[in-house]
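The values are calculated or read from the model by the stated rules, or taken from the named source; none is laboratory data. Computed from a predicted model, the values in this text were never measured in an experiment. For neighbour counting, all protein chains shown are included, and Cβ atoms are generated from backbone atoms with ideal geometry for every residue, glycine included. Only protein heavy atoms, including side chains, enter the accessible area calculation; ligands, DNA and RNA are left aside. Shrake-Rupley method; radii C 1.70, N 1.55, O 1.52, S 1.80 Å.
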Amino acid sequence: MYFNIYSLPLFTSCFIICVLLYYLKDYRTTPGSKYINLLLCFIAFYSFFYALEISSTSIEMFLLFYKMEYIGVSFIPLFFLLFAMGYSGKKNWLPIPLLALFTGISITTILFVFTTEYHVLYHRSYYINYDGIFPVFGYDPGMWYWIHFSYANLCIILGLSLLLGMLQGTLPVFRKQISIVIIGSLMPFLTLLIHLSGMDPWGIDPAPFSLTLSAIIIFIGFTRYKLFNLTPLARGLLFENHPDSVIVFDKEQRIVDYNNSAMKSRYIGARNIGMHVSELPEPWCTVLKRKPDKSTRSSIDVRETIERLDFWFNITFLPLHDKRGNTMGQMVIISNITERKNAEADLRETTVKANYLAAKAETANIAESSFLANMSHELRTPLNSIIGFSDILLEKNIGALNEKQTRYLSNVSNSGKHLLCVINDILDISKIEAGKMELVHENIHLQKTVDDVLTACFSLAARKDIELILNMDCNIEVIKADKLRLEQILYNLLSNAVKFSPNNSKVTLNITSDDKKVIFEINDAGEGISIDDQEKLFTVFGQLDDANNKRYAGTGLGLAIVKKLVEMHTGTIWVESKVGKGSTFSFEIPTE
């Protein structure tokens, strides 16, 4: 070997490529970066051993370094094609059998070159050419040389066609970036074609010398313009990582691309690239032919049976137009919506059942309310007779009855009156729940209405020596309400306050107002109500603990009726109470 000054640029380019490869490690996750790294590695390998080749003096050294070069030369076309596929987002574009064939050609080329002494498949002869500015290795090509030459050119053409197609279909804002990639990728391969065609100057292979410039251009595209972080990455996120299966057809309805979800779902594979939709196996042939018009966007739901199981698919057809508006193909998105359809069917079935049960419950509720109303009327007629005759006997036979007889007759009358109150409550609650109770709104005098209720409660309070106190700080004399129902609300609350207050205590009714509402507060001196028990107060048949049930008679309907009557007046009711400190029941109704 000897020092050849022309080898210095080659060694320098190898060093520069190594530096670029070091910085490119930050882009290892971007589309196509793996193959561009391998491509630069093989070009550097090629350049390094070519620098050693042109520094050799013997045929043995020439042949050794020439063989080593072909480790890089054989794989450069393949990795350029793989880089173009990855960068353009069409990594599945090359079918696996064809990829295996191309890889086999590269490996076979290396084997033939390394065994060229024993056959004439790649070199019919080889020699040292002294006609140039320095000795170079020369040869007469054999049959496999032309096969490899055709294969290399085919890879280059396919790769460039992918990049050019990507350039044509990309938005103008991204075309500068892709153009830089195309220029940087094209330069070394144009010089490689010049070398393979035998037109290299002075017998020197120009491809390694163009390596540094092309590598720098590609590096600028990676770092400054961030090519692999924009268009291809966005495509990868939207296309390759789309959870639904996506298949792309050309205008002849041939399959040209698909994403990972389609492959994982076994809808389609590399074997189907270039296949017409009618050639697909069932049910996909039928499913994908549902929408022959490729110029409009549409979506359909289809039900198919696959391996004896029913599946639902939503198929969206998206037309693909070029910049002139011509339809170039169609993108089909297949979504498995079986779970959603099953859920909708379950929901419909549940809704039907719920409606049926609601109607049935409503019918039962109406029947129950009607029954209670009718029974209440039927019971009140004989009950009024019992109460009336009991009172007549007590009044007409004073002195004629002994003490025991008088007590028995009084118990009959009191029990009848209590039972009548219960029946009235049941009738009221049944009317309210059946929607048959209507309020009669009229102008009523507030002071007189309150006085009438206090008068009705006076006898109850007198039995326990309870003082009834009225505090009326209200400048409203007349309000619009149902007089009978307002009296029922006040009487129920006041009678409860008297019932639960101890003897010799006070029950206070406070009435205040503003421009829009009147507020009533009834304070008692009872035992108070716990927070947990307060939640039960206004429910139908809601009562406190069993001890209170035994001490105080009641049905649990009174406060429920009061609440509903207040709400029918578009008012609200609430309670404030602490155990041991009495309770305050408040309600407000609008003045109009």
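Tabulated data for the structure shown
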{"quantity": "Residues that are modelled with pLDDT of 75 or more and open to solvent by 50 Å² or more (accessible area, probe 1.4 Å), drawn from region 415-435", "calculated": "Ser415, Leu419"}
{"quantity": "Test: residue in region 17-35 that is surrounded by fewer than 22 Cβ atoms within 10 Å (Cβ to Cβ), assigned to a helix (DSSP H, G or I), at negative phi and of a type in the set (Gly, Ala, Ser)", "calculated": "yes"}
{"quantity": "First in region 238-266 and over 14 Å from Lys90 (Cβ atoms) and in a loop (DSSP other than H, G, I, E, B), second anywhere and open to solvent by 80 Å² or more (accessible area, probe 1.4 Å) and at pLDDT below 80, Cβ under 7 Å, 6 or more apart", "calculated": "Lys251/Met328"}
{"quantity": "Region 111-146, subset among the hydroxyl-bearing types (Ser, Thr, Tyr) and buried (at least 21 other Cβ atoms within 10 Å of the Cβ), residue nearest to Phe83 (Cα to Cα)", "calculated": "Tyr122"}
{"quantity": "Flag if Lys91 is outside any helix (DSSP H, G or I), open to solvent by 20 Å² or more (accessible area, probe 1.4 Å) and not polar (S, T, N, Q)", "calculated": "yes"}
{"quantity": "Failed item in (1) in contact (Cβ under 8 Å) with a residue 24 or more places away in the chain; (2) outside any helix (DSSP H, G or I); (3) under 30 Å from Leu379 (Cβ atoms), with Glu438 passing the rest", "calculated": "(1)"}
{"quantity": "Residue that is modelled with the highest pLDDT [pool: residues in region 496-511 that are open to solvent by 60 Å² or more (accessible area, probe 1.4 Å) and outside any loop (DSSP other than H, G, I, E, B)]", "calculated": "Lys506"}
{"quantity": "Cβ pairs under 6 Å, 6+ apart, first in region 450-463 and surrounded by 13 or more Cβ atoms within 10 Å (Cβ to Cβ), second among the aliphatic types (A, V, I, L, M)", "calculated": "Val453/Leu490; Leu454/Leu468; Cys457/Leu494; Leu460/Val498; Ala461/Leu468; Ala461/Val498"}
{"quantity": "Verdict on Phe149 being in a helix (DSSP H, G or I), open to solvent by 30 Å² or more (accessible area, probe 1.4 Å) and in contact with a Gly (Cβ under 9 Å, 6 or more places away or on another chain)", "calculated": "no"}
{"quantity": "Residue in region 36-57 that is out of contact with any helix residue (DSSP H, G or I) (no Cβ under 8 Å at 6 or more places or on another chain) and in contact (Cβ under 8 Å) with a residue 24 or more places away in the chain present", "calculated": "yes"}
{"quantity": "Lone qualifier among Leu493, Leu470, Leu409 - being touching a residue at least 40 places away in the same chain (Cβ under 8 Å) and open to solvent by less than 40 Å² (accessible area, probe 1.4 Å)", "calculated": "Leu493"}
{"quantity": "Test result for Asp473, in contact with a strand residue (DSSP E or B) (Cβ under 6 Å, 6 or more places away or on another chain), charged (D, E, K, R) and under 17 Å from Glu576 (Cα atoms)", "calculated": "no"}
{"quantity": "Members of region 334-355 that are over 16 Å from Trp312 (Cβ atoms) and open to solvent by less than 90 Å² (accessible area, probe 1.4 Å)", "calculated": "Thr350, Thr351, Ala354"}
{"quantity": "Search result, residues across region 441-493 that are over 57 Å from the mean Cα position of the chain (by Cα), of a type in the set (A, V, I, L, M) and in a helix (DSSP H, G or I)", "calculated": "Leu446, Val450, Val453, Leu454, Ala456, Leu460, Ala461, Ala462"}
{"quantity": "Failed criterion for Leu98 (all others in (1) open to solvent by less than 40 Å² (accessible area, probe 1.4 Å); (2) hydrophobic (A, V, I, L, M, F, W, C); (3) assigned to a helix (DSSP H, G or I) hold)", "calculated": "(1)"}
